[in-house]
Each structure stands twice: as C-alpha cells, then as structure tokens.
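Right, one structure below, let's go through it.
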Amino acid sequence: MSFTHKEIPGVIALFDVDGTLTPARKEISDKMKNTLAALRKKIVIGFVGGSDLIKQKEQIGEDVLKMFDFCFSENGLTAYKLEQQLASQSFIGYMGEDRYNKLANFILGYLAKLDLPKKRGTFIEFRNGMINVSPIGRNCSHAERDEFEAYDKIHNVRPKMVAALKKEFPDYGLIYSIGGQISFDVMPAGWDKTYCLRHIKGEGFTKIHFFGDKTFEGGNDFEIYTHPDVTGHAVQAPEDTLRILNELFQV
C-alpha cells in the first residue's frame with residue numbers, strides 16, 4: 001500500500017521514544033498524541049525505539065500500532081507497517097549460545113565487582129534483537145533512575161563498562177549504544193537505529209526526518225541522526241519535538 005493520500009507525499013518523520021515523544025520511561029501526553037494525529041494526515045510517521053513493543057505500549061498506549069504508519073521496536077528488528085508485522089531478526093541467532101554465555105558471564109562478573117550507591121534487579125534484559133545492560137538494574141524506581149543518571153554523569157559508569165566490553169570482545173562484531181537514563185544496548189554492528197531504514201528503503205521517500213535526544217556520539221540516536229539519507233533534529237525533551245514539528249509542518 002502506498003502513502004500517496006498524504007497531504008505531503010514522499011516525506012516521513014521517525015521519532016525516538018524516551019525523551020523525544022515522552023519523558024524518559026513515562027507516558028505520552030495528550031498534546032503529543034493530538035499533534036502526531038494531525039501530523040499523520042500530512043506525512044508518514046513512525047517511531048524507532050530500542051525497547052521492546054511491550055514497553056512502548058506502556059508509554060505510548062495499547063493502540064500504538066494504530067497511531068503510526070511504521071512501528072520499529074528494538075531499532076526495527078521487530079517492525080510493523082500499518083499494523084502488519086514485517087520480517088524480524090534474532091540476537092541469539094547471530095551470536096550463538098556459546099558466545100552469548102561468555103558475554104553474559106563477563107557482564108555479570110563486571111557488575112558483581114562494581115561498587116554503586118544502589119543496585120536493584122534485572123541487570124541484563126534479553127530482547128529479540130539485542131541485550132540491554134543496566135548497572136543499577138531495570139527494576140529501580142523512577143527516583144532511583146534519576147539518581148543513577150546524575151551519578152553516571154559524574155562517574156561515567158556506563159562509558160567505562162562499554163570500554164571494558166569492547167576490550168574483552170573485540171572480535172564479536174558488536175556495537176554498544178548508551179540510551180535512556182540507566183542502561184546501554186549491545187547489538188551486532190549495523191543493528192543500531194539505522195536498521196529501521198531497511199524497511200522503508202523501497203517506499204519512495206524523498207525526505208526522511210528523525211527526531212531524537214541521544215544524538216551525541218555513543219548515544220543510541222547518533223547513527224541514524226548522522227546518516228546521510230536522514231535530516232536529523234536533536235531535542236532535549238518532548239516540548240522541543242512539538243516546537244520543531246510546528247515550525248516544519250504547522251501542527
């Protein structure tokens with residue numbers, strides 16, 4: 001199905017979720033929902049997030065697949081077009097059990113020796129197309145997320161851990177992407193957010209916009225933000241996204 005019925009054909013806007021459409025790990029506002037609905041009448045819209053679809057439903061709504069033309073969970077390794085699922089990829093299929101076990105054992109051993117003010121639970125979250133590693137643990141509260149983020153900015157807990165993984169596994173063909181407040185993603189090279197572009201390559205788009213907040217080098221929006229086929233927009237909060245959308249599309 002083509003998108004020629006849009007008011008401005010050939011244009012797509014892709015959005016990061018945390019910090020772009022919603023505050024980090026919090027729910028989308030009614031104002032953002034209404035803006036996206038108005039924007040969808042003009043152009044094709046999609047989201048591209050590192051988390052799995054369950055978490056995106058928690059933040060954007062159970063009807064998230066109906067709100068966007070394209071939905072790219074786990075950077076597009078799980079993908080939907082007009083509510084229909086597209087081909088997916090598997091992290092464990094790429095890694096193999098033996099190599100994955102060595103990686104997981106190293107991560108858990110590193111974290112066991114890491115002295116932090118607080119640790120909670122779920123330090124490795126296994127996803128379809130990647131693993132997500134959280135030094136504090138994904139079970140922490142919102143307040144504890146904020147505390148760790150501030151601590152990490154001073155002590156560089158995540159950058160130091162990423163450096164240790166790169167040194168230990170130089171031949172695994174992996175990339176490490178810091179995103180959100182408390183974690184970083186580990187995935188095969190090329191499986192960052194630019195992966196989602198494969199799904200829209202044949203759609204005839206002449207302009208691809210991307211909005212994200214982790215656009216610095218090492219952030220999980222960097223690769224797609226700097227991709228030569230993409231016009232990137234760096235934001236610091238959903239309010240910035242709303243402002244830029246109004247400037248570009250009068251919504």
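Nothing in this text is a laboratory measurement; each read-out follows from the coordinates by a stated rule. Everything numeric in this text was worked out from a predicted model, so none of it was measured. All Cβ positions, glycine included, derive from the backbone under ideal geometry; neighbour counts span all protein chains shown.
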Less than 12 Å Cβ to Cβ from residue 38, Lys/Arg counted +1 and Asp/Glu -1: what total charge do the surrounding residues give? +4
What distance in nm separates the two pseudo spin-label positions at residue 155 and residue 92, each 7 Å out from Cα along the beta-carbon direction? 3.2 nm
Please give me the summed charge of the neighbours of residue 171: other residues whose Cβ is under 12 Å from its Cβ, Lys and Arg +1, Asp and Glu -1. +3
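Checking the a/c ratio against 1.5 first, then a/b against b/c, what shape does the Cα gyration tensor give for region 122-241?
On the way: a/c = 2.04, a/b = 1.38, b/c = 1.48.
Oblate shape, in that a/c is at least 1.5 and b/c is the bigger or equal ratio.
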Work out the P(r) tail for region 1-128: percent of alpha carbon pairs separated by more than 25 Å, whole number. 40 percent
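Which FRET efficiency value, to the nearest 0.05, is calculated for residue 62 and residue 38 with the Förster distance at 22 angstrom and r the Cβ-Cβ distance?
On the way: r = 21 Å, r/R0 = 0.96.
Given R0 = 22 Å and the Cβ-Cβ separation, E is 0.55.
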Excluding residues on the same chain fewer than 8 positions from residue 118, give the aspartates and glutamates whose Cα lies under 19 Å from its Cα. 144, 146, 147, 149, 152
If you keep only loop residues by DSSP, which GluC sites (Glu not before Pro) in region 151-239 have at most 12 other Cβ atoms within 10 Å of their Cβ? 217
Any chance you could run the full-extension gain for residue 227 through residue 128? It's 0.36 nm times the residue separation minus the Cα-Cα distance, nm to one decimal. 33.2 nm
For residue 140, enumerate residues with amide H under 5 Å from its amide H, sequence gap 5+ or separate chain, H modeled in the peptide plane. 121
Residue-averaged [θ]222 nm for the chain, counting only DSSP H segments that reach four residues, each worth -39500 (n - 2.57): -10500 deg cm²/dmol
I'd like the orientation of helix 157-168 relative to the chain: the angle between its Cα long axis and the longest Cα principal axis, in ° from 0 to 90, rounded to 10. 70 degrees
Determine, for each peptide in 205-213, 58-66, the mean count of other beta carbons within 10 angstrom over its residues, then list the peptides with the highest first. 205-213, 58-66
Give me the net charge of residue 227's neighbourhood, meaning all other residues with Cβ under 11 Å from the Cβ of residue 227; Lys, Arg count +1, Asp, Glu -1. -3
